[in-house]
1. Any residue in the stretch B:219-247 that is acidic (Asp, Glu) sitting within a Cβ distance under 6 Å of a residue that is in a loop (DSSP other than H, G, I, E, B) and surrounded by 15 or more Cβ atoms within 10 Å (Cβ to Cβ)? List the pairs, counting only those 6 or more apart or interchain.
2. Search the stretch A:165-177 for residues that are over 14 Å from A:Gln135 (Cα atoms) and pair each with any residue that is at pLDDT below 95 and not basic (Lys, Arg) when their beta-carbon atoms are under 8 Å apart and the residues are at least 6 apart or on different chains.
3. Within the stretch B:150-158, does at least one residue satisfy the condition of being in contact with a strand residue (DSSP E or B) (Cβ under 7 Å, 6 or more places away or on another chain) and on the phi < 0 side of the Ramachandran plot?
4. Kindly list the number of the only condition in (1) away from chain A (no Cβ under 14 Å); (2) farther than 30 Å from B:Ile205 by Cβ; (3) among the hydroxyl-bearing types (Ser, Thr, Tyr); (4) in a helix (DSSP H, G or I) that fails for B:Thr304.
5. For the condition among the hydrophobic types (A, V, I, L, M, F, W, C), assigned by the TED database to the domain that holds A:Val36 and not in a helix (DSSP H, G or I), what is the one hit in A:Val134, A:Val143?
6. If you check B:Leu102, B:Leu119, which single one turns out to be within 24 Å of the chain's Cα centre (by Cα), within 14 Å of chain A (Cβ to nearest Cβ) and closer than 28 Å to B:Pro35 by Cβ?
7. Quick one: in the stretch A:171-223, of everything that is within 29 Å of A:Gly26 (Cβ to Cβ) and charged (D, E, K, R), which residue is surrounded by the most Cβ atoms within 10 Å (Cβ to Cβ)?
8. Filter the stretch B:247-299 for residues that are small (Gly, Ala, Ser), under 17 Å from the mean Cα position of the chain (by Cα) and not in a helix (DSSP H, G or I) and give the result.
Number of protein chains: 2
Amino acid sequence: MAVRIEVLKEDNRTRARLGKLHTPHGVIETPVFMPVGTQATVKTMTPEELKDLGAGIILSNTYHLFLRPGHELIREAGGLHAFMHWDGAILTDSGGFQVFSLGDLRKITEEGVEFRSHLDGSKKFLSPEIATQVQMALGSDIVMAFDECTPYPATRDYAKASLERTTRWLKRCQETLTTTDRQALFGIVQGSMYEDLRKQSAAEITELDLPGYAVGGLSVGEPKELMYEVLDYTVPLLPKDKPRYLMGVGSPDALIEGVMRGIDMFDCVLPTRIARNGTALTRYGKLVVRNAESAHDFSPIDPTCDCYTCKNYSRAYLRHLIKADEILGLRLMTIHNLRFLTNLMSEIRAAIKENRLPEYREKFFYEYGYLK
Amino acid sequence: MAVRIEVLKEDNRTRARLGKLHTPHGVIETPVFMPVGTQATVKTMTPEELKDLGAGIILSNTYHLFLRPGHELIREAGGLHAFMHWDGAILTDSGGFQVFSLGDLRKITEEGVEFRSHLDGSKKFLSPEIATQVQMALGSDIVMAFDECTPYPATRDYAKASLERTTRWLKRCQETLTTTDRQALFGIVQGSMYEDLRKQSAAEITELDLPGYAVGGLSVGEPKELMYEVLDYTVPLLPKDKPRYLMGVGSPDALIEGVMRGIDMFDCVLPTRIARNGTALTRYGKLVVRNAESAHDFSPIDPTCDCYTCKNYSRAYLRHLIKADEILGLRLMTIHNLRFLTNLMSEIRAAIKENRLPEYREKFFYEYGYLK
């Protein structure tokens, strides 16, 4: 099996797990946050900078790479790792989320999804087979199943039909993936916010004995409390000896809450996107660096942060760069926000190890301002 | 004297000089190309990356920093070096070039220039005194005189009146600069393309015994042969024991030709600007990486180049980044073009040292394609 999780410890007061994710491109400590590199680059960052921040696995997007530069070009380059000069692990999504959300004029059949490229309007088609073949060309370590991320809210009927198609499509993905010695297929539990449907979905996909499972269809606009409730009853349905990935979640509170519910892996574009808009994550909450309060503030974003940005630059300088549309500003903000998250995950792992995760959560939430 | 040049060798077949420029922020080998950091950042680059490329001195712009974030803010930050985290040397221009070219609705009097900010249209005023005071707040190692860069073409009458005002303004700059222990004022020879006016200007400004001199009013649209001709008769008018700076010149041919005419320092935005547009400088000429020929080319920009970009990335990947508007593409292209120039200057210095500059020029021009 290309990818496996070694569970080192289970917390006795929460469902949190401490582990090591073994992949063909390195061993990653879990729980882990995966930075997103949509177009074969984590925006603004070099691979070396990602490594320096402590990132060992990144996510990249099948939909975007399928359209540009095309998976055949990346295959020709020797795969995505070689193409983008990243020797850490890569998880690729299946494109399902994007064809359902970005693709215009989509036509869904049992066979797959016809859609128009957001780049040039040309007609394209993705199916479980094609999405898997694309990911085989990319050579990612973890291949996500081609699914429908059921929108929120969804009627029970829609959610049931959608999850059942996701299961049928998953089987076709599994049949297509012939490179299981070096690529691991993760199935995705759907079922919207219906407990019985989540149970049905989990039962159907775990039956396929895949190397890993994701919880999909969350963080799609529902209240956070509802997401936590779904995780409460869904995660225990997944096998303990397989990695569990919560898709599209990366806010500090949801990372901690997700870990406490047994999640090992997370991804989200938000931390890097808000960085580029001039907002920094700090342990005392968000700091909008572009605001006037930072104009004459010659202190770093966070004096306790060990990132390159905080060690060398003031809020005043960062604000100047952001207001002047300077690329260095985007770089420095991204470095800080990613370091904030790798550091948060590292603190979470230490807290699990030392049996103090609930106390860590309480202190973090208090300082961050979530309890106000 | 804050800045001085130590001339190590004079070429015996050309006017080229090998030297060391001593500044309060390090010793720089000359001839040198100075990357441009207009808004207190060399676009896309960190200071550490600049150092790694071999850059020891950069240029920054008074006009832009005066308008945003304002020189008082930078003074408050401890000066430009501290503000932007650069401990190498900095040369600041005077803003003269920009108020005459970027500033809308300018009004020129003997006192100075009233103009409208290109940012918000507000009325601003720069004079020799103010431009110098701004540069004192910035704390640059080399302070350029507030001059008029005479446009091309100019009538003899205009050019004469302009250079004479530049001389009068230079005296006011000299009287204003009280920090000569740590900041060196460079005067600027004007006179357009008129030999007698260049002589008049050089005589007037060298009389002030300044720590350095620039040749201005070139690379403003005139044919290159004309620029070389002006350098032929102007540079010998400047004292041998002072650094000589040719403003706004950075194309490979003009760097070599300028060095052969006795120039020590150069700056130009072009190499970094074309990098961001997807054009790489190579010893075999310009390579437009965004062109279709690079799509399936998995070789680096230049296999003999030692830069980070060429060591790790293919033309195909760079083209993908550029076409996808990814910031990493701008970074990698900038790194390459700046390294190309620091490397070119290093080769020029070696050629002077080894008495083979004319032969180096011939080989470089042949390979680059200038002789075709």
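1. Within 6 Å, the pairs are B:Glu222/B:Tyr152.
2. Going by the 8 Å Cβ cut-off, the qualifying pairs are A:Arg165/A:Glu148; A:Thr166/A:Glu148.
3. Here is the first cut: in the stretch B:150-158, the ones in contact with a strand residue (DSSP E or B) (Cβ under 7 Å, 6 or more places away or on another chain) are none.
No, the stretch B:150-158 has no match at all.
4. If we test B:Thr304 against (1) away from chain A (no Cβ under 14 Å); (2) farther than 30 Å from B:Ile205 by Cβ; (3) among the hydroxyl-bearing types (Ser, Thr, Tyr); (4) in a helix (DSSP H, G or I), just (4) comes out false.
5. Details: A:Val134 fails: not in a helix (DSSP H, G or I).
Testing whether each residue is among the hydrophobic types (A, V, I, L, M, F, W, C), assigned by the TED database to the domain that holds A:Val36 and not in a helix (DSSP H, G or I) leaves just A:Val143.
6. Criteria check complete, one pass: B:Leu119.
7. Top of the filtered list is A:Arg182.
8. The initial filter retains those residues of the stretch B:247-299 that are small (Gly, Ala, Ser), namely B:248, B:250-251, B:254, B:258, B:262, B:275, B:278, B:280, B:285, B:292, B:294-295, B:299.
Adding the requirement that they be under 17 Å from the mean Cα position of the chain (by Cα) leaves B:248, B:250-251, B:254, B:258, B:262, B:275.
Result: B:Gly248, B:Gly250, B:Ser251, B:Gly262.
The values are calculated or read from the model by the stated rules, or taken from the named source; none is laboratory data. Everything numeric here is computed off the predicted structure, so don't read it as measured data. Please note: Cβ atoms are built from the backbone with ideal geometry, for glycine as well, and neighbour counts cover all protein chains shown.
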